[in-house]
Every structure is written in C-alpha cells, then in structure tokens.
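The structure appears right after this line, and notes come after that.
The values are calculated or read from the model by the stated rules, or taken from the named source; none is laboratory data. Keep in mind that what you see is a predicted model, and the values were worked out from it rather than measured. Neighbour counts run over all protein chains shown; Cβ positions are idealised from the backbone, glycine included. Quick note on the areas: whole protein, heavy atoms, side chains included, nothing else; ligands and nucleic acids left out. Shrake-Rupley method; radii C 1.70, N 1.55, O 1.52, S 1.80 Å.
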Amino acid sequence: MELFWYITIAIVLSVFFVLDGYDFGTGIIHLFLAKKEKDKQVIAKAAGLFWDFNEVWLVAGGGLLFMAFPTYYASVFSGFYLPLIIVLWLTVFRAIGLEFRSQFKYQMWKDIWDKAFGISSLLLALFFGTALGNIIRGVNLGGVANGISIYEKHYFFLPLWNGSFSPLHENPGVIDWFTLIIGIIAVVTLAIHGANWILLKTNSSINTQLKSLIFKLNTALFILTIFSLIVWFIINPDALLNYAHKPYLIVFPFLYLMGLTGLFFIKRIKKDVHGFYLSSLLIIGGITSSLASMFPIILPSTNQVNESLTIYNTAASEYGLSVALGWGIIGMILVVVYLVVQKRLMAGKIDKMDYGEH
Amino acid sequence: MIFYDRLQFAFTISFHYIFPQLTMGLSLLIVYFKWKFLRTKVDMYNDAAKFFMKIFAVNFTLGVVTGIPMEFQFGTNWAKFSELTGGIIGQTLAMEGIFSFFLESAFLALFIFGEKIIGQKLHFITGFLVFLGSWASGYLILATNAWMQHPVGYEIVENGKYVLKNFSALFSNPWLIPAFLHNQFASLVTASFVVAGVGAFYVLRQKNIEHGKIFLKTGVVFGFISSLLVAFPTGDWNAKNVAKYQPASFAAMEGIFETEEAGAEIILVGQPNMVEKKLDNKIAVPNVLSFLTYQNWNAQIPGMDQFTKEELPDNIPALYYSYHIMVGLGTIFIGLLGLAFFFLWRKKLFDIKSLLWGILLLLPFPYIANITGWYVAELGRQPFLVYGLLKTTNGISPTVSSGNTLFTLLGFAGLYLLLGLLFLLLIGKIINDGPKLQKQ
Ligand code: HDD
Ligand code: HEM
Ligand code: HEM
C-alpha cells in the first residue's frame, strides 16, 4: 500500500512538473526573449490559459502526501519552513502577473506584471530544483549536535544557508553548491521545456530563434548533468548503489538520456509536439531517477544517530491507505477525463483562436 | 510562540475566505443567468452571466493564490497536528484536491474564454461544472473542519496518533450537514448582495439601468430566500449542535455566566465583564434561549460557572461579540431584503431610492457576518485544535521559531495588502466598464 501511494504521488508530482514546468519555462523565455508586445501577449497567454489547472496538480500532490505520509509532510514542511513560504509568495506573484497583465491597456502596467511573471517563474524553477537537491542530499534529522538530537528524531530545521555553502557541513543549509547546481539544472531544463511549449502553442516571431536556443541549452544541460553526477558521488559514494542492486531501475535514467539525446536533433524535428515530448521525458526521467536512486528512503539523514525517513516509517495507517485507494482510483479516472476533454476543446495554436479580448 | 502561529492562520484564512465565499454563491447565480438566457434568449441574461463571470474570475484567482498557503500551513506551522491527524483529515483534504479543484479549474478557462469556440449549450455545462466544483470544495473543507469540531470515526494508537477507523463516519458526522448548508446559504447571501448591490449602483447612477434592474431583481429574490434559510433552519440547527457537543462554547457565545435553574434567558445586548464575570448593560428576554435550544421554556442550560478554566474558550469576549454580530446582521438582512422583496413584488422597488441605497451600503456586511461566523466556530473550538482531543498548544511545529513565524506573518501582511488593493482596483474597473461592453 505504501508503495502504491508512493508511486501515485511521484506520478502526480511528475505531471505537475511537466505541466506547470512549461509555465515556468514559458516565464523564463518570456523574461529574456520576448520583446514585441504581440509576442509577449501570446506567450503570456500560452501559460495564462493553463496555469491554474496545472497548479492543481501541486495542490493535489500535496493533499495526497498529507493523507498518505503525514509524518513526512509534517517533517518536511516545517523543516523547509522558510523556502516553502518563499515559494508560496512567488507563486502568488506569478499567478497575479499572468492574470492581471491584460486588465489595463497601459504599457507600464503590462511591463510590471510581465516582469513579475518572468522573475517569479525563474526563481520558482530554481527553488524547486534546489528543493530536489536537498532531498537527494539529505538533512540533519533530529538536529543532531555532538551526538545528541535536539528535536524529535524525525524533525529538523534548515536555515536558508550557512556560511560554508558546503553540502558536507554538519548542518547544511537549503542552498549549498550542490543544491544550487541542481537548481540551475532545473532552470535550464524548464527553459527548454517552456521553449518547446511556445513552439507548440504559438506562432510568435521568436519561434525560429527558439530552436537554436534549445540546442544551446541542451548542450549546457549535458555538461551540467555530468558535473552534478560527479559532485553527487563525492558527497555520497553510495549514491548509485540502488541501481547496482536493482538493475531494472535503469529505465528511469534511460528516459532522461533519451530526452537529452533527442533534443540535440531539435532542428530536424518536424512536429513541434515531438520536441515537447522529449523535454517532458527529461523532466520525468530526472525526477524519477533521483527518487529511484534513494528508494525506499524519501529523506536521507546526514547523521548517524537518527534513521532516514522512508515510505514505511512515515505512512498513515493501512486502513486509511486502502480506503483512499477506492476514491483515489475514481478521482484519477475523472481527472484524466477532464484533461482529455480540456485538451481536445482547446487544442491548436492559441493566436489563431478567438479567446476574446482578455 | 504559538501566538504568531495562531495570528498567521487567523489572518491568512480570513483573507482567503473573502474570495471563496463569493465564488461559491456567485457560481450558482451565474449558472442561473446562463440558464435563464438559454430559456428566454434575452441577451441581457447572457450579458449578466458574462459580466459576473469576470468578477468571478478575479475572485477565483485570488481564492487560489491565497488557498495554497492555507494547505501548506498545515505542514509548515502546525506540523505536530498534521503528523497526529494527517491520516484522517488528510483524507478529506486530498479528496478536495482530487474531486473539486481539478473539476473547477479544468473547466473555468473554457467557461471564461471559450463561449465562441464551444457553443452555448456546452458553455452552460462548463459553467455548471465550475459551480459543482466550488460547492464540492466547500463540502470537503467543511468535512475537514467538522472533524476538528466534533471528531468521529478515529482511534488512538500507541504512539499517540489518531488513525482512521471508519471512513464513512467522516461524512455522516452530525456536525457536517448543518455546517455545510449554513455556510453555503451564507455564501449565497454574500453573492446575492453583490449582484443586487451592483444593480442598485447602476440604477442609482442612471447607467446600465436595464441590466441593473435584472441584477437587483435576481439579487433580492435569491438574497431574501437565502438569508431566511441561513437563520432558519440552518443557523438554529448549528446552535443546537454547539449546545449538544460543545456546551462550554455555547455558554460563552451566548454570554451566559451563571446557570439559571428555571430556564435560560436570551441576551440581545450586553458587554461581557470578565473580571466580575457578568454582562454589563444587559438587555435580555427570559427563558427564550431554553425554548429555542430545547423547545422547552424551562430547560436548564449550563452557564460558564459550570466549567473549569481549561474547558472554556480562551477569548470569551471575542467569541461572544462575533456571535452577536453574526446573528444581529442576519436579522438585519432578513428585514431589509424582506422589505425589498415586498416592493419588488408590488413593482415599486426601482423607484424607492432609500431602499436601493440601503442595499448598496449593506454590501460589505455579509462579508463581516461570514467572517465573524467563522470566528464563532474557531474561537469556540479553543482551547482545542481537535475538540476534546488535542490542545492547540500541542499542535505547532516543534522546530519553527517564533522569529521565523513573525517574519513570514509580516511578509503575508504586506503581500495581502497589495493583493487587496489590486483586487479593489480591478473590481472597480469591471463595475465601471459595465456589462454593456460585453456585447459581441
Ligand atoms: C451571511 C452570513 C451569516 C449569517 C447572516 C448567519 N450566519 Fe451563522 N455562520 C456563518 C454565517 C452566517 C458561517 C460563516 O458560514 C458559519 C461559520 C461556520 C459555519 O459552518 O458557518 C456560521 C456558523 C454558525 C454557528 C456555528 C458556530 C460553531 O460552529 O461553533 C451557529 C450556531 C450559527 N452560525 C448560528 C446562526 C444564527 C442563529 C443566525 C441567525 C440569523 C446566523 N448564524 C446567521
Ligand atoms: C473562513 C473560514 C475560517 C476562519 C475565518 C477561521 C478562523 C480561524 C481563527 C480566527 C483561528 C485562530 C483561533 C485562535 O487563535 O483562537 C483559526 C485557527 C485554525 N483554523 Fe480556522 N477558520 C476558518 C476555517 C477553517 C477551516 C475550514 C479549517 C479546517 C479545514 C480551519 C482550521 C484551522 C486550524 C488548523 C487552526 C489553527 C489552530 C487553532 O488556533 O485552533 N479553519 N481559524
Ligand atoms: C470556510 C472555509 C473554506 C471554504 C468554504 C473554502 C472554499 C474554497 C473554494 C470554493 C476554493 C476554490 C477557489 C475559488 O473559487 O475561489 C478554494 C480554494 C482553495 N482553498 Fe479554500 N476554502 C476554505 C478554507 C480553506 C482552508 C482552511 C484551506 C487549507 C487547507 C483551503 C485551501 C484551499 C486551496 C489550496 C485552494 C486553491 C485550490 C486551487 O488550486 O484551485 N481553503 N477554497
């Protein structure tokens, strides 16, 4: 049962990053490349029409996590208190940037909200990546100092950073140079993804430019990935042991690799949707291979005193998990139906369609 | 310190609830307008649906962006509470995400932008689905709250955790249905006042008069019916539940300091004096409270003297005032809308300026009634987070220091001030542009 919910939540959160990921990426591209008002408007709309539905995946993923792994939810949310609240603030800015930009016709008004949308998208991508980095690296569970826990064994609290910025420090902060690299990887990945989304959904004048951009970013991503793997090995020599024990897990890194390789041929890809699929593979592969490398741990402990959090020591009761299975299946079927209906009714390039003057 | 955590929750939820209370009620009225348009083919009803949809959209956005912090706060600020009860209230909260937010958000964009693409019939259906999603959301969040007010279907295991024993008990909780219905009709009161208020504004300003009259008519009819339903049976029903399951908060919210042998009086006016444990400047009617609660003029109702300090809510004056403000406002709404309803029926409403002004000026007050109503529920639940089981002081995050909470509280205050100003600016603009601009 724990395993089932772990996989479900991993899927929901991956879908969130694939869907809302293109909004983040769209925001990043918008910030740096959109110059003409027409482009700005269309690109903002390519995110604006969908962000709400996409963000619900986060809300649902959070809710499911709360239901299935309450101890984990409590530990992680209070431990990452500051970064999470900052993520919330950024989310607010991004959403109102998208929703409010077209409400007044003044250029100044639009410029402000365009910047709010772009900058908060960029920072959100960075923060989410950093968060993933933290979960891979692990935290000082129980706040151990001199061999003694100062909190209950499954609680912790992280400062945003400590002076050393080193992942090897006894009390690492949220931001150190390892988590920062993962953050940058997330920004690059989502920028690629966003560019693909703009190609798919619009006829903006920067579309031709975007393909060579994707190629360059992809090269950067390739280098960063290798670099991060090396660093990861230095921090945790056992990092990839899971893959040695369970070779079939290799499919996840393979997905990532497929996305990465495919995107080098972006200029030869005829159908825009194929590019989008490839960058989706990147995201899904990236998240799942990180999770698979740790399984069944979901938050490693960096000290010897307290054990890591796993899906087994943080889960809700067996009964709770199994009744949720009943409604969960019905719910997920409905969600897929909505998704299909929505994508069917709103398919195609949005600048060709009449979505009204909004 | 727990003080900042409570203040932060109270502040952020009060702000969040400004938006859903309108969207839940308004979605029903929009569906009504759209349905009326399909039946009568009078364009003005479609204008009305589209006009209020614009107002809905702004409120919805703010509802979403202020709602996500609510869900996060369970984990960030109330971690111990989440750890102990997550296996239970996580069920209803997760269901809210899966069953209602998905539904609402999947079809909202289609409803707002899609009229020309999907055609009238489908447009009506998407509107209906948005309505369904928002009410389902209210239902599930109230199921969560009902469990905190009156926990059922759980069992306590060795490590002190509450685990779910009976899933369906969460939904047959006797607290849930009265609270849900009361809350939904209260949100319909807010929405009706907004619709009628905008109508009154247009008629008084001699602008968009024909649309204004339709708004007024609809708002007054829906508003009158829903304010009656808010008081009776649903308000009364809730009061009986509180008397039964939370007798200490009942005594506090009604302001009964001393138990009276021969039946309790109902307090209309008075200020609680916590030092001398009595009400100053009291106006009361003997025995009525006993009758309202137990249909027996002489039924005994325990006063605050029957409870220890640990059992009583920690902020009795705020609880008492909140309750009396809510009930007082409810009475005023029934009175004013009753009058408006009468003159609407006699076809004179649009000429009675003073009444139109009354409707317009009363517009903020349903918001106040709704927020104070929630203060009754939440302050009355104190000192427990889960009534009778878990003390509020035992629910906070063990590792988050008060300095951090104060920092984020200030951040939320600043951010929400900005949101509030933007909100008023946009709503003002939409109302000023008027429904006519919507013509195709
Ligand atoms: C327009 C808003 C409005 C109006 C006019 C009223 N209420 Fe109310 N009331 C609410 C809006 C509300 C609310 C915000 O919706 C609450 C908070 C919790 C809930 O479920 O509904 C509520 C809760 C609530 C409670 C439960 C408190 C608790 O949970 O401890 C009681 C006993 C009443 N109401 C009683 C009444 C009575 C007798 C009214 C007579 C006129 C009345 N309300 C008018
Ligand atoms: C709009 C409606 C609501 C308002 C205005 C409101 C108001 C408040 C207030 C004022 C407090 C602080 C109580 C105190 O410090 O004495 C509080 C606490 C709290 N409320 Fe609500 N509430 C609302 C709805 C809800 C709902 C629906 C839930 C559950 C799903 C909920 C869960 C909580 C929790 C967990 C706390 C923190 C613990 C506590 O202080 O009791 N609230 N709320
Ligand atoms: C009286 C109490 C509450 C009611 C009736 C209520 C109702 C709603 C409704 C109808 C929405 C949909 C958005 C809209 O139409 O504006 C919404 C949004 C939201 N609410 Fe509340 N809410 C309440 C309190 C809470 C609490 C205590 C939480 C915390 C768990 C919460 C979490 C959320 C979230 C996460 C969203 C955003 C959903 C999305 O992404 O679409 N709400 N709320």
* To do: Of the conditions (1) within 14 Å of ligand 3 (Cβ to nearest atom); (2) more than 14 Å from every other protein chain (Cβ to nearest Cβ); (3) at pLDDT below 90, B:Leu29 clears all except one; give me its number.
  => (3)
* Structure fact -> B:Gly119 passes all but one of the listed conditions (1) of a type outside the set (D, E, K, R); (2) in contact (Cβ under 8 Å) with a residue 60 or more places away in the chain; (3) at positive phi; the exception is number (2)
* To do: Taking the options B:Gly127, B:Gly87, B:Gly119, B:Gly114, name whichever one is surrounded by 24 or more Cβ atoms within 10 Å (Cβ to Cβ), more than 12 Å from ligand 3 (Cβ to nearest atom), over 30 Å from A:Pro70 (Cα atoms) and not aliphatic (A, V, I, L, M).
  => B:Gly127
* Selection status of B:Ile55, assigned to a helix (DSSP H, G or I), at pLDDT 90 or above and within 8 Å of another protein chain (Cβ to nearest Cβ) -> no
* **Contacts under 8 angstrom Cβ, first residue in the range B:138-153 being of a type in the set (Ser, Thr, Tyr), partner open to solvent by 20 Å² or more (accessible area, probe 1.4 Å), 6 or more apart** => B:Tyr139/B:Phe180
* Asked: Residues A:Ser228, A:Ser164: which one is open to solvent by less than 40 Å² (accessible area, probe 1.4 Å), among the small types (Gly, Ala, Ser) and more than 14 Å from chain B (Cβ to nearest Cβ)?
  -> A:Ser228
* Answer with yes or no whether A:Val273 is open to solvent by 20 Å² or more (accessible area, probe 1.4 Å), touching a residue at least 24 places away in the same chain (Cβ under 8 Å) and not acidic (Asp, Glu). => yes
* Asked: Residues in the range A:167-188 that are open to solvent by 10 Å² or more (accessible area, probe 1.4 Å), β-branched (Val, Ile, Thr) and in contact (Cβ under 8 Å) with a residue 60 or more places away in the chain: how many?
  -> 2
* Asked: Hey, among B:Leu344, B:Leu336, B:Leu425, B:Leu379, which residue is at negative phi, part of a helix (DSSP H, G or I) and open to solvent by 50 Å² or more (accessible area, probe 1.4 Å)?
  -> B:Leu425
* To do: Hey, can you tell me all the residues within the range B:130-155 that are within 11 Å of another protein chain (Cβ to nearest Cβ), among the small types (Gly, Ala, Ser) and more than 9 Å from ligand 3 (Cβ to nearest atom)?
  => B:Gly153
* Would you say B:Asp43 is of a type in the set (Asp, Glu), out of contact with any Pro (no Cβ under 7 Å at 6 or more places or on another chain) and either open to solvent by 10 Å² or more (accessible area, probe 1.4 Å) or away from ligand 2 (no atom under 16 Å from the Cβ) (or both)? -> yes
* To do: Determine whether the range B:47-55 contains at least one residue that is among the charged types (D, E, K, R), more than 16 Å from ligand 3 (Cβ to nearest atom), over 20 Å from A:Arg94 (Cα atoms) and surrounded by 22 or more Cβ atoms within 10 Å (Cβ to Cβ).
  => yes
* With B:Leu410, B:Leu390 as the choices, which residue is more than 30 Å from B:Gly330 (Cβ to Cβ), more than 10 Å from every other protein chain (Cβ to nearest Cβ) and open to solvent by less than 40 Å² (accessible area, probe 1.4 Å)? -> B:Leu390
* Lone unmet requirement of (1) outside any helix (DSSP H, G or I); (2) more than 14 Å from chain B (Cβ to nearest Cβ); (3) open to solvent by 40 Å² or more (accessible area, probe 1.4 Å); (4) without any contact (Cβ under 8 Å) to a residue 24 or more places away in the chain for A:Asn203 -> (4)
* **Total residues in the range B:194-227, condition farther than 17 Å from B:Asp43 by Cα and not in a helix (DSSP H, G or I)** => 2
* Hey, among the residues in the range A:88-111 that are open to solvent by 10 Å² or more (accessible area, probe 1.4 Å) and within 26 Å of B:Leu409 (Cβ to Cβ), which one's modelled with the lowest pLDDT? -> A:Glu99
* **Every residue from the range B:297-310 that is closer than 20 Å to B:Val275 by Cβ and within 16 Å of ligand 1 (Cβ to nearest atom)** => B:Met304, B:Phe307
* Structure fact -> Residues of the range A:242-264 being touching a residue at least 12 places away in the same chain (Cβ under 8 Å) and either open to solvent by 80 Å² or more (accessible area, probe 1.4 Å) or closer than 18 Å to A:Ile136 by Cα (or both), in sequence order, are A:Asn242, A:Tyr243, A:Leu249, A:Phe252, A:Pro253, A:Phe254, A:Tyr256, A:Leu257, A:Met258
* To do: Report those helices (runs of 4 or more DSSP H) wholly inside the range A:47-127 carrying at least 1 residues which are more than 10 Å from chain B (Cβ to nearest Cβ).
  => A:81-100
* Which number in (1) surrounded by fewer than 23 Cβ atoms within 10 Å (Cβ to Cβ); (2) away from ligand 1 (no atom under 12 Å from the Cβ) marks the one condition that B:Met148 misses? -> (2)
* **Check on B:Ser105, within 16 Å of ligand 2 (Cβ to nearest atom), more than 23 Å from B:Gln246 (Cα to Cα), assigned to a helix (DSSP H, G or I) and not hydrophobic (A, V, I, L, M, F, W, C)** => no
* **Scan of the range B:1-59 for residues that are of a type in the set (D, E, K, R) and in contact with a Ser or Thr (Cβ under 6 Å, 6 or more places away or on another chain), ordered by number** => B:Asp5
* State whether the residues of the range A:29-46 include one that is of a type in the set (Asp, Glu), assigned to a helix (DSSP H, G or I) and under 15 Å from A:Leu339 (Cβ atoms). => no
